[in-house]
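Student: Below are the structure tokens for one structure; questions will follow.
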Amino acid sequence: MVRNFILLILLAFLASCADNRERSLEKVDKGVDMMYQMKKEKAKAFFEEAIKLDPGNAEAYYHLANYYADRQEYKKAIELFDKALEINPQFANAWYGRGMAKFYLGDKKGACADWKKAAENGRQNLEDKLRHCP
């Protein structure tokens, strides 16, 4: 009886997590739509909501990082790219974005290292960046 109750609680918890994950992905999609519509503050709010629903959503951190990079707040962007990469170390676009933020902060060596990781993880068309790297 107790075992069945624990199993039921566990199943309910897992269903709730899946629901939060799905809602988080929907928030990211809405945020991306807002970015395309140049409604950047609304986009930021959607990305933040997505993270609250699912702190393991690397896409939400990535898009929020791009929001800050667009505002030239590169240190904040790097923090968020770092979170995305903690969750998904193979996230090529996050490596690329973090490299761009480092480049704009004057860290060419760090930018090159990140662009190389982006290429290793499948990011295409980095020749123009990598040709300036040792």
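The values are calculated or read from the model by the stated rules, or taken from the named source; none is laboratory data. All of these numbers come straight from a predicted model, not from anything done at the bench. FYI the Cβ positions are ideal-geometry reconstructions off the backbone, even for glycines, and counts take in every protein chain you see.
Student: Just checking, does segment 101-113 include any residue being closer than 14 Å to Leu130 by Cα, small (Gly, Ala, Ser) and either at pLDDT below 95 or in contact with a Lys or Arg (Cβ under 6 Å, 6 or more places away or on another chain) (or both)?
Tutor: So far as segment 101-113 goes, yes, one or more of its residues are closer than 14 Å to Leu130 by Cα, small (Gly, Ala, Ser) and either at pLDDT below 95 or in contact with a Lys or Arg (Cβ under 6 Å, 6 or more places away or on another chain) (or both).
Student: Conditions: (1) over 26 Å from Asp82 (Cβ atoms); (2) modelled with pLDDT under 95; (3) aliphatic (A, V, I, L, M). Met38 meets all but one. Number of the miss?
Tutor: (2)
Student: Among the residues of segment 114-127 satisfying the criterion of being under 14 Å from Pro89 (Cβ atoms) and among the small types (Gly, Ala, Ser), which is surrounded by the most Cβ atoms within 10 Å (Cβ to Cβ)?
Tutor: Going through the qualifying residues, I end up with Ala118.
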